[in-house]
Amino acid sequence: GGGVGWRVHYRSDHIKNNLNPAWEESEIDLRELCDDGNLDGPILFSVFDHERSGRHTPMGSFETTVNALINASVHGGGDDTSKAFTLKKGGKAYGLIVVVEASSPSLPSSSPPDAAPSVVPVPFP
């Protein structure tokens, strides 16, 4: 069948022994996410539970776009979950992902040029 073929663009450091991890903010160059400059192209975020065996357990995922990440930015207010993305696995919600800061070179922002979203996971109540 058809569909999108996903590529890995970024892997965070894993957080040991924590059911509600808070990852460090990250920046990803837009040229890595948008090969053709299309800010509305699909991006898949996936979260895994790290296993020593290397068989990491999927915790959930969500699909979005760079433009949607920019629109969901809470500009430093990591406690604001009103624009958060829901991390889902098999239709069940497992957590929220808050975009703290996101920008593109064509939009004004305090982020450096060509910076992509910084995301912060928030434990699901």
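The values are calculated or read from the model by the stated rules, or taken from the named source; none is laboratory data. In this text the structure is predicted, and so the values were computed from the model without any measurement. Note: accessible area is taken over every heavy atom of the protein model, side chains too, but ligands, DNA and RNA are not part of it. Shrake-Rupley method; radii C 1.70, N 1.55, O 1.52, S 1.80 Å.
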Non-local amide H neighbours of V99 (under 5 Å, H modeled in plane, Pro and chain starts lacking H): which ones?
V74, F85, V120
Could you please put L39, L30 in sequence from largest to smallest accessible area, using a 1.4 Å probe?
L39, L30
Partner aspartates and glutamates whose C-alpha sits under 19 Å from that of K89, ignoring same-chain residues fewer than 8 away, are D49, E51, E63
Could you work out, for segment 7-46, what percent of all Cα-Cα pairs fall into each 5 Å distance bin, beginning at 0 Å and stopping at the bin that holds the largest distance?
5, 18, 25, 21, 14, 9, 6, 2
When the Karplus curve 6.51 cos²θ - 1.76 cosθ + 1.60 is applied with θ = phi - 60°, which whole-Hz ³J(HN,Hα) does each residue of segment 83-89 get, with x for Gly and Pro?
10, 5, 8, 8, 7, 10, 9
List, in order, the whole-Hz ³J(HN,Hα) value for each residue of segment 61-72 obtained from phi through the Karplus relation with A = 6.51, B = -1.76, C = 1.60 and θ = phi - 60°; use x for Gly and Pro.
7, 8, 10, 7, 9, 4, 4, 5, 5, 4, 5, 8
